[in-house]
Amino acid sequence: MNILLLGYGKMGRTIEQIALDRGHRIVGRIDLNNRHELDQLADDAVDAAIEFSTPDSVVANLTYCFGRKWPVVCGTTGWLSERPAVEALCRKRKGAFFYASNYSIGVNLFFKLNKTLAKFMHQYPSYRVSMTEIHHTEKKDSPSGTAITLAEGLMDHLPGKTRWQEGTGEVADADDAVMIESKREGTVPGTHTIRYESEVDRIEISHVAHSRQGFALGAVIAAEWLAGREGVFGMNDLLAM
């Protein structure tokens, strides 16, 4: 299939290599310096676009894809306040849009584990829940989109938790908030830890990514799955979870 890359940083290059290894063709590599090249592509030149750009560029990129009837897989984070409007536009234009805060199969299993544990823990209010996420120093948004998704999973199953709050572990969180501590260190691809702590013990679950390969492979698989479809989708649809 013919894949367009929107955003050509480290993640875009990793996606490119995996797509080529799987027999696909890259028809465009677009960043801020050559966005004008999009207009040179024919409507039928793109089977799917994969969008990993920046929070400032993502909405314009998605809107452009909907206008060209190009299915688009998006992994950019830091823009989700605009997601409802983008999804409404996709449906209006009969487009195809796939969004995930994290495309790793392991992380999406971790999302399920997080919710399952929360279902058990809500019976034990003596445990205080919090979260730590660690990423490389070049990551632009904080907290990570994955951390926000995990927090939303907690809020679905822990009565009284209605929002997330970013801060260090030393900051006393409000009773209605899930505390998220964000750290930026070296070249860490992504580590997320959910912590339940009481006066007598601690329960933790963690997901540690070893490289970007898992994220990139999931995005390419999502593009393969999305081509020819219409509507708004996510990893639950792809994994039938």
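Arranged from fewest to most other beta-carbon atoms within 10 Å of their beta carbon, Thr76, Thr187 become Thr187, Thr76. Helix 83-92 axis versus longest C-alpha principal axis of the chain: approximately 40°, rounded to the nearest ten. Volume per residue of the convex hull around the Cα atoms, evaluated for region 105-208, comes out as 97 Å³.
Across all Cα atoms of the chain, the radius of gyration (one decimal) and Dmax (whole number) stand at 18.8, 64 Å. Helix 10-21 and the longest principal axis of the Cα set of the chain meet at an angle near 60°. Dipole check for the chain: with +1 at the C-beta of Lys and Arg, -1 at the C-beta of Asp and Glu, and the Cα centre as origin, the magnitude is about 540 Debye. Taking every lysine pair in the chain that is 8 or more places apart or spans two chains, those with Cα atoms closer than 23 Å amount to 11. Counting only DSSP beta bridges whose two residues both lie in the chain, roughly 35 percent are antiparallel.
Bear in mind that the values in this text are calculations on the coordinates, not laboratory data. Please read these numbers as outputs of a predicted model, since none were measured by experiment. Cβ atoms come from the backbone with ideal geometry, glycine included; neighbour counts cover every protein chain shown.
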